[in-house]
């Protein structure tokens, strides 16, 4: 039986990855920060029905002593560093926190593994936001970075430190340059989930409008289940490397909203409000990934379409807000006047 240690196990990617590894027969340990809201923190694990199947370890990626202890206790074969402050907008409001958790936290994980378990394989999820003001499109592993937010800059630092530890200390450390990936477990602060939650509220008569910022930026969106599968595949390779993980299809936020509103049977023009206060200080306008290397070397390809993902998210938010545990397809729901 292999053992894995996941930092950020209570997040979207951490929960789906834990589920995948459990299905593959792994013993799964997850690093968690203890708080008075622990029953909220593990909600994603409970939603997937795996909360009792993982071993939670107290710790924080900004505290090296707890990382050393976690690695020493779990003795993992694979380490996935998914802990980060991952909201782009929040990173402008909390740049030091973002740098500490997202950038230096990665180094703490690398150092803990180098010290306690150098034979372990490490996956560091980098971000397409690192490309920022893109120099070429689509973006590949060789495309230069031009980060446009504190979050993107922190991810770039973590990415290059992962490369540095691989080359300096011989660690089996791989980075996945992950383009946007979503799911019903996405946090409400991210635009896709803000859209599907807002539409569900309008559909159920709980709201009348959805307020968004710049809806003309374009992103390459995939499903988190597909992306955590790519993370696992990276660590099954004999030679560590870096891989762009993307669908290759880019749509604007406006187009994504159209998919979600159309599925719910709502008029987007009637309910969508553009709020200049929600625009970011700087923006990566268009991101599109070329995952040819991952397809060729990992045998990876996305399985969930954007439409299927958005439909799943709308349905999940309708169930959450209506208290309907089983859920009813949206087109069979009686509409309530907003």
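Since every read-out is calculated from the coordinates, none of them should be taken as a lab result. Keep in mind that what you see is a predicted model, and the values were worked out from it rather than measured. Methodologically, a virtual Cβ is constructed for each residue, glycine included, from the backbone with ideal geometry; neighbour enumeration extends over all protein chains shown.
If you count the DSSP beta bridges with both ends in the chain, what percent of them are antiparallel, to the nearest 5? The antiparallel proportion sits near 5 percent.
Largest GNM mean-square fluctuation across 212, 104, 48, computed for the chain with C-alpha springs under 10 Å, falls on 48.
So what is the relative contact order for region 1-158, in percent, with contacts set as C-alpha pairs under 8 Å and at least six apart?
Numbers: 282 pairs, mean separation 35.7, N = 158.
This gives 23 percent for region 1-158.
To the nearest ten degrees, helix 306-322 and the longest principal axis of the Cα atoms of the chain are 70 degrees apart. Mind listing P(r) for the chain? All alpha-carbon pairs, 10 Å bins, whole percents. Whole-percent P(r) values from 0 Å outward: 6, 26, 34, 24, 9, 1, 0.
Based only on other Cβ atoms within 10 Å, what is the fewest-to-most ordering of 32, 134, 79? Walk me through the numbers on the way to the answer.
Working: 32 23, 134 19, 79 30.
Result, fewest neighbours first: 134, 32, 79.
In the Gaussian network model of the chain, springs joining C-alpha atoms below 10 Å, which of 110, 278, 235 carries the largest mean-square fluctuation? Most flexible of the set in this elastic network: 278.
Comparing 255, 129, 269 in a Gaussian network model of the chain, where Cα atoms under 10 Å apart are tied by springs, the biggest mean-square fluctuation is seen for 269.
Residue separation of residue 65 and residue 303 scaled by 0.36 nm, minus their Cα-Cα distance, works out to 81.7 nm of gained length.
Take the Cα of residue 43, go 7 Å toward its beta carbon, and the backbone nitrogen atoms of region 193-218 under 17 Å from that spot belong to 193-201. Take every pair of alpha-carbon atoms less than 8 Å apart whose residues are at least six positions apart; their mean separation over the length of the chain yields a relative contact order of 17 percent.
Restricting things to alpha carbons, find the Rg to Rh ratio for region 200-265 using the Kirkwood radius for Rh. Don't skip to the answer; put the middle values down first.
Working: Rg = 17.2 Å, Rh = 14.9 Å.
Dividing the radius of gyration by the Kirkwood radius yields 1.16.
Relative to a virtual label point 7 Å from the Cα of residue 267 in the Cα→beta-carbon direction, which members of region 203-247 show backbone nitrogen distances below 16 Å? It comes to 203, 208-210, nothing else.
Determine the gain in length on full extension of the stretch residue 73-residue 87; use 0.36 nm per residue of separation and subtract their C-alpha separation, reporting nm with one decimal.
Values: separation 14, 0.36 × 14 = 5.04 nm, distance 3.05 nm.
Stretched fully, the residue 73-residue 87 segment lengthens by 2.0 nm.
Could you state the angle between the C-alpha long axis of helix 224-234 and the longest principal axis of the C-alpha atoms of the chain, as a value from 0 to 90 degrees rounded to the nearest 10? Here the helix axis deviates by roughly 20 degrees.
Over region 216-284, calculate the relative contact order: mean separation of alpha carbon pairs under 8 Å at least 6 apart, over the residue count, as a percent. Numbers along the way, then the final one.
Numbers: 35 pairs, mean separation 26.5, N = 69.
About 38 percent, as a whole number.
Would you please give the FRET efficiency between residue 160 and residue 94, computed as 1/(1 + (r/R0)^6) with r the Cβ-Cβ distance and R0 = 22 Å, to the nearest 0.05?
According to the calculation, E is roughly 0.50.
In this rough spin-label picture, where each label sits 7 Å from Cα along the Cβ direction, the residue 238-residue 296 distance is 1.9 nm. Could you work out how far helix 105-116 tilts from the main Cα principal axis of the chain, as a 0 to 90 degree angle to the nearest 10? It works out to around 30 degrees.
Expressed in Å, the radius of gyration and Dmax of the Cα atoms of region 84-175 are 13.6, 41. The label-point distance for residue 169 and residue 282, in a model that sets each label 7 Å from Cα toward Cβ, rounds to 3.1 nm.
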